[in-house]
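Just passing along the structure, written as structure tokens.
The values are calculated or read from the model by the stated rules, or taken from the named source; none is laboratory data. Keep in mind that what you see is a predicted model, and the values were worked out from it rather than measured. No Cβ is skipped: glycine too gets one built from the backbone with ideal geometry, and neighbour counts run over all protein chains shown. What goes into the accessible areas is simple: the full protein's heavy atoms, side chains included, and nothing from ligands, DNA or RNA. Shrake-Rupley method; radii C 1.70, N 1.55, O 1.52, S 1.80 Å.
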Amino acid sequence: MIPKFLALALLKLRLAKARARHSTVRFPTRDLPRLYAAFDAENIDYVVLRLADDVPMTDHAAANYSRDVDHLIGRNSIDRVLQISARQYGQVKCDYYPTGGQRGTAYLGMPYYMPEMAEQILHSRVRHPYGFHVPAAKIAFDSFLYHTIYHKGPLSGIESGLGVSMQLNPSRDYAAEVRGFAKVAGVAVPEPFTLRGFHNYLHGFGWNMAIDLLLRWPSVNPVIGALITYERNRNALLLQSTNDISVFVMREDGQGIAAENVAREIIASRFVMLREVRLDDTALQRIMFQTRGGNWTDKGSVSPNAPNLAFICRNTLEPGPLMVDMSDAKLKRCYPHVVNTDVLLKRVIRDRVRELAGISQKAAVLHATDNSLEALETLRAIYADQLPDILSSL
């Protein structure tokens, strides 16, 4: 056992490196029962995300444990988790994902679960017989499907249903785990029993990975690419209606009549304004759940900036001159999914609103869709079942 001051320094270094590399933070820990008791004593919201029966709760089990234990924690808890872990530096690899998906505690710079989804997982928590918290049974099932499809993909060994070759000898029997979670939750497993079938099941109630997150998912996972193609193909008719549509969504940090007027004026200089939608609570929650929107959490922030107003616009036939000082190479590198470069006037809007309101230069102020698929999914989040009628009216 190493001294606490040294353990604290080592864990702070780990967190700093994770932030620099946009990777996940891992704190090696001993005596997990004591760790979870400390979490409870200090009111830290957490769950062990999956495979709870395997968590090594004895010294003997910990000495022979080679996997890692994945935790979801409250969005502002990582520093306190670090302090507690420093008291119990050991050999069990514990990974931590705060619900906000902040830098250094996300997956390669992207949210492991969408922040609103992560909050739902966390708030469902129940006590496992071993004494720590886990997600409630149905949400545990849904979140495990999510993990199996989007995080593991071919490594799960489950048939894709997408023409993607799967690993023949996965590290564990994911098919059996899916069935086990379904049995505990008292639900039927999705049919067909494929990753595409699982994706469609989650999509049915908005628990699929958001399209704009799928497009940016950083791991080399052919299932992700196949799902993007699948979504484009099955939405082909609807995409014809959004082929020339862009959607700008104002966020709370850009709230106020003056800021909205700035955004409206600049957007109208390049787009035909079709309609404005003041978002009610239901639409707001759907947007935060079903679109990434820059993660709805700014860099360095621990609180989300919820959307409140959407501008639905028609693109002009040809984009105008680029409104930002950026080379073609940098443009392609920074915005690989942008089809109509006029949406980059969001950068101009941000600068004007920040100056007007005297707010942080990190404030995102608004979000804009980069292409027709993102526009479709944003409109679906705003209008839900009314989407076909809305597209017809546009």
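Once the piece of chain linking ASP68 and CYS334 is laid out straight, how much longer is it, given 0.36 nm per residue of separation minus the C-alpha distance between them?
Working it through step by step, the gained length comes to 92.5 nm.
Using a 1.4 Å probe, what is the accessible area per residue for the range 329-394, in Å²?
47
If I take R0 = 51 Å and measure r between the Cβ atoms of ARG352 and ASP389 in this structure, what FRET efficiency does the formula 1/(1 + (r/R0)^6) give, to the nearest 0.05? It would help to have the intermediate numbers written out before the result.
On the way: r = 35 Å, r/R0 = 0.68.
The pair ARG352/ASP389 has a calculated efficiency of 0.90.
Work out the FRET efficiency for ALA258 and SER219 from their Cβ-Cβ distance, taking R0 = 45 Å, and round it to the nearest 0.05.
0.60
Report, largest value first, the span of the C-alpha coordinates of the range 297-394 along each principal axis, in whole Å.
39, 34, 23
Shifting gears a bit: Name the shape class, rounded, prolate or oblate, that the alpha-carbon gyration tensor gives for the range 152-207, where a ≥ b ≥ c are the square roots of its eigenvalues, rounded holds for a/c under 1.5, and otherwise prolate holds if a/b is larger than b/c and oblate otherwise.
oblate
Given a Förster distance of 45 angstrom, what is the FRET efficiency for ARG80 paired with ARG232, based on the Cβ-Cβ distance and rounded to 0.05? Spell out each step's value before the answer.
On the way: r = 43 Å, r/R0 = 0.96.
Rounded to the nearest 0.05, the efficiency is 0.55.
Under 8 Å for C-alpha pairs, at least 6 residues apart: give me the relative contact order for the range 258-394, rounded to a whole percent. Intermediate results must be reported in sequence, preceding the final value.
On the way: 137 pairs, mean separation 42.0, N = 137.
Averaging sequence separation for qualifying contacts and normalising by length gives 31 percent for the range 258-394.
Spin-label point model (7 Å from Cα, Cβ direction): what's the GLN91 to HIS60 distance in nm?
Placing both labels 7 Å along Cα→Cβ, they lie 1.5 nm apart.
List the residues whose amide H sits under 5 Å from the amide H of VAL69, counting only those 5 or more places along or on another chain, with H placed 1.01 Å from N in the peptide plane.
Counting only residues 5 or more places away or on other chains, the set is LYS93, CYS94, ASP95.
Using a Gaussian network model of the chain with C-alpha springs under 10 Å, which one of THR24, THR229, THR369 is most mobile by mean-square fluctuation?
Fluctuation is largest for THR229.
May I pose another question? Against the 2.2 N^0.38 Å scaling, with N counting residues, where does the range 169-255 land? I'd like the Cα-based Rg ratio to two decimal places.
For the range 169-255, the normalised Cα radius of gyration comes out at 1.41.
Under 10 Å, Cα contacts only: if you run a Gaussian network model on the chain, which one of PRO190, PRO135, PRO170 comes out with the highest mean-square fluctuation?
PRO170
May I ask you to give the solvent-accessible area per residue for the range 1-74, in square angstrom, as obtained with a 1.4 angstrom probe? Don't jump to the answer; show the numbers that get you there.
On the way: 3790 Å² over 74 residues.
Per residue, the range 1-74 has 51 Å² of solvent-accessible surface.
Measure off 7 Å from each Cα along the Cα-to-Cβ vector at ARG19 and VAL184, then give the distance between these two points in nanometres to one decimal.
Distance between label points: 3.4 nm.
For a quick check: with amide H placed at 1.01 Å from N, whose amide H comes under 5 Å from GLY157's, ignoring anything fewer than 5 positions away on the same chain?
Here the answer is GLN167, since their amide H atoms fall under 5 Å of that of GLY157.
Here's a follow-up. Which cross-chain or sequence-distant (5 or more) residues have an amide H under 5 Å from the amide H of LEU274, H modelled 1.01 Å from N in plane?
Long-range HN contacts for LEU274: ILE312, CYS313, ARG314.
Another question, if that's okay. In terms of the Cα gyration tensor, with a ≥ b ≥ c the square roots of its eigenvalues, is the range 99-178 rounded because a/c is under 1.5, prolate because a/b exceeds b/c, or oblate?
Values: a/c = 2.25, a/b = 1.38, b/c = 1.63.
Because a/c hits 1.5 or more and a/b fails to exceed b/c, the range 99-178 counts as oblate.
Follow-up. Hey, which lysines would be in cross-link range of LYS12, C-alpha to C-alpha under 17 Å, not counting anything within fewer than 8 residues on its own chain?
Qualifying lysines at Cα under 17 Å: LYS4, LYS93.
Could you sort the peptides 192-200, 31-39, 331-339 by per-residue average Cβ neighbour count (10 Å cutoff), highest mean leading?
Descending packing order for the listed peptides: 192-200, 31-39, 331-339.
Once each part is reduced to its C-alpha centroid, what is the distance from the range 312-380 to the range 166-192 in angstrom?
Rounded to whole Å, the Cα centres lie 41 Å apart.
Same structure again: Note down the net charge around VAL348, summing +1 for each Lys or Arg and -1 for each Asp or Glu among other residues with Cβ under 14 Å from its Cβ.
Its environment carries a net charge of +2.
Round to a whole number: what % of the accessible area of the chain belongs to carbon and sulfur, probe 1.4 Å?
Carbon and sulfur: 51 percent of the exposed surface of the chain.
Residues of the range 221-236 with backbone nitrogen within less than 19 Å of a virtual label 7 Å along the Cα-to-Cβ line of SER165, please, listed as ranges.
Hits in the range 221-236 for SER165 at 19 Å: 221-227.
If I compute Kirkwood radius over Cα pairs in Å from the structure I just sent, which labelled value in [x] 22.0; [y] 27.5; [z] 22.5 lines up?
[z]
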